[in-house]
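Asks: First, the structure itself, so that you have it in front of you.
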Amino acid sequence: MSQEIESADVVRLVLQFLKENNLMRTYQTLQDETNISLNTVESIESFVTEIHQGHWDTVLKVVQPLKLPDKKLMDLYEQIVIELIEMRELGAARSLLRQTEPMLKLKDLDTERYMRLENVLGRNYFDPKEVYLEGGSKEKRRTAIAQQLAGEVSVVPPARLLTLLGQALKWQQVQGLLPPGVQLDLFRGKAAVREQEEETYPTQLFKTIKLGMKSHAECVRFSPDGMCLATGSVDGIIEIWNYLTGKLRKDLKYQAQVGQSWTFSSLFIMNDVHLFSF
């Protein structure tokens, strides 16, 4: 039974690869064009802790490449502006309030809420009771924001794309489809051809393939990718072998079909798929 792979998962694998290799412009372009977000963090616990402790520089670096709902981003930026005002970092608070996308959206969607921030910014004092209404506090706001953002992110193992490719190659080696030590052209899925290598005739016995007491090979051909060996025996049977083990390829349906025979003098394999006899 084949496993279906969602195209969105493939995009996320590529996004993770781009992010881990600091290719952020390409990452952002792919995320915008596909409308698929990665939304992963190294640790949700650490992310939440940074919010609780008000380490906003770190939080903003984590949030910047993520795709989060506008409301949750507005809540986050609003809290950062309030805390900057409280610390009398008025220049940073002003820039964040008037120049960042979440705050500009707040201005369009909820003008009254935005103007309250402008009023707090313009005062020469800071009164928490005027900012945190209905029994609220800085700590409670941080906790609420941490809970909201924690629900939008997840943690995945690093380097998933390279891990999956490595697992696929290992499976091919186990199945005998990829001889050990062979350099693979990963993009084409074939063994790389060494153009500079000079061909020489065999000098030693590698494996013995047994065809039976009353049979012998009339013709033999390697597949173009060098992964398997086809033999045509005198009794009219064509068989595909794993030349590394000297055994029949058990993963091919054809190997299970017996009772058919042909007369031929040569074999031809095209594109590693079609087998012809003459």
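The values are calculated or read from the model by the stated rules, or taken from the named source; none is laboratory data. Just so it is clear, the model here is predicted, and its values are computed rather than measured. A quick note on method: Cβ atoms are made from the backbone with ideal geometry, for glycine too, and the neighbour counts reach across all protein chains shown. Ligands, DNA and RNA are stripped out before the accessible areas are found, and what is left, the full protein with its side chains, is counted by its heavy atoms. Shrake-Rupley method; radii C 1.70, N 1.55, O 1.52, S 1.80 Å.
Asks: Give the number of residues within region 15-69 that are open to solvent by 40 Å² or more (accessible area, probe 1.4 Å), farther than 23 Å from residue 96 by Cβ and in a loop (DSSP other than H, G, I, E, B).
Replies: Residues that pass the stated criteria total 5.
Asks: Taking only pairs six or more apart or across chains, which ones have beta-carbon atoms under 6 Å, a first residue in region 1-29 that is under 20 Å from residue 62 (Cα atoms), and a second residue that is surrounded by fewer than 10 Cβ atoms within 10 Å (Cβ to Cβ)?
Replies: So the pair list comes out empty.
Asks: Kindly provide the set of residues from region 136-176 that are in a loop (DSSP other than H, G, I, E, B), open to solvent by 40 Å² or more (accessible area, probe 1.4 Å) and modelled with pLDDT under 80, ordered by number.
Replies: 175
Asks: I'd like the full set of residues that are closer than 17 Å to residue 68 by Cα and aliphatic (A, V, I, L, M), limited to region 1-23.
Replies: Within region 1-23, 15 is the sole residue that qualifies.
Asks: Given 5, 36, which one is more than 19 Å from residue 148 (Cβ to Cβ) and out of contact with any helix residue (DSSP H, G or I) (no Cβ under 9 Å at 6 or more places or on another chain)? Lay out the reasoning, then the answer.
Replies: Details: 36 fails: out of contact with any helix residue (DSSP H, G or I) (no Cβ under 9 Å at 6 or more places or on another chain).
Going through 5, 36 in turn, the sole match is 5.
Asks: Something else: Please give the number of the condition residue 125 fails out of (1) surrounded by fewer than 12 Cβ atoms within 10 Å (Cβ to Cβ); (2) part of a helix (DSSP H, G or I).
Replies: Condition not satisfied by residue 125: (2).
Asks: Is it fair to say residue 112 is under 28 Å from residue 14 (Cβ atoms), loosely packed, with under 14 Cβ neighbours inside 10 Å and either at pLDDT 95 or above or out of contact with any helix residue (DSSP H, G or I) (no Cβ under 8 Å at 6 or more places or on another chain) (or both)? Reasoning before the result, please.
Replies: Values: under 28 Å from residue 14 (Cβ atoms): no; loosely packed, with under 14 Cβ neighbours inside 10 Å: yes; either at pLDDT 95 or above or out of contact with any helix residue (DSSP H, G or I) (no Cβ under 8 Å at 6 or more places or on another chain) (or both): yes.
Against the criterion (under 28 Å from residue 14 (Cβ atoms), loosely packed, with under 14 Cβ neighbours inside 10 Å and either at pLDDT 95 or above or out of contact with any helix residue (DSSP H, G or I) (no Cβ under 8 Å at 6 or more places or on another chain) (or both)), residue 112 does not qualify.
Asks: Being in a strand (DSSP E or B) and of a type in the set (A, V, I, L, M, F, W, C) is the filter here, so list the residues in region 208-245 that pass it. Break it down into steps so the answer makes sense when it comes.
Replies: The initial filter retains those residues of region 208-245 that are in a strand (DSSP E or B), namely 217-222, 229-233, 238-242.
Result: 217, 219, 220, 222, 229, 230, 238, 240, 241.
Asks: Tally time: how many residues in region 70-81 are without any contact (Cβ under 8 Å) to a residue 60 or more places away in the chain and surrounded by 16 or more Cβ atoms within 10 Å (Cβ to Cβ)?
Replies: Adding up the residues that qualify gives 6.
Asks: Please work out which one of (1) crowded, with 16+ Cβ neighbours inside 10 Å; (2) within 21 Å of the chain's Cα centre (by Cα); (3) under 15 Å from residue 146 (Cβ atoms) is the condition residue 12 fails and give its number.
Replies: Every listed condition holds for residue 12 apart from (3).
Asks: Next question, about the same structure. Assuming residue 91 fulfils every condition listed in (1) without any contact (Cβ under 8 Å) to a residue 60 or more places away in the chain; (2) surrounded by 12 or more Cβ atoms within 10 Å (Cβ to Cβ); (3) not in a loop (DSSP other than H, G, I, E, B) apart from one, which condition is it?
Replies: That leaves (2) as the condition not met.
Asks: Could you give every pair whose Cβ atoms fall below 9 Å, whose first residue belongs to region 197-208 and is over 21 Å from residue 183 (Cα atoms), and whose second residue is modelled with pLDDT under 80 and open to solvent by less than 100 Å² (accessible area, probe 1.4 Å), counting only separations of at least 6 or pairs across chains?
Replies: 207/243; 207/244; 207/245; 207/246; 208/246
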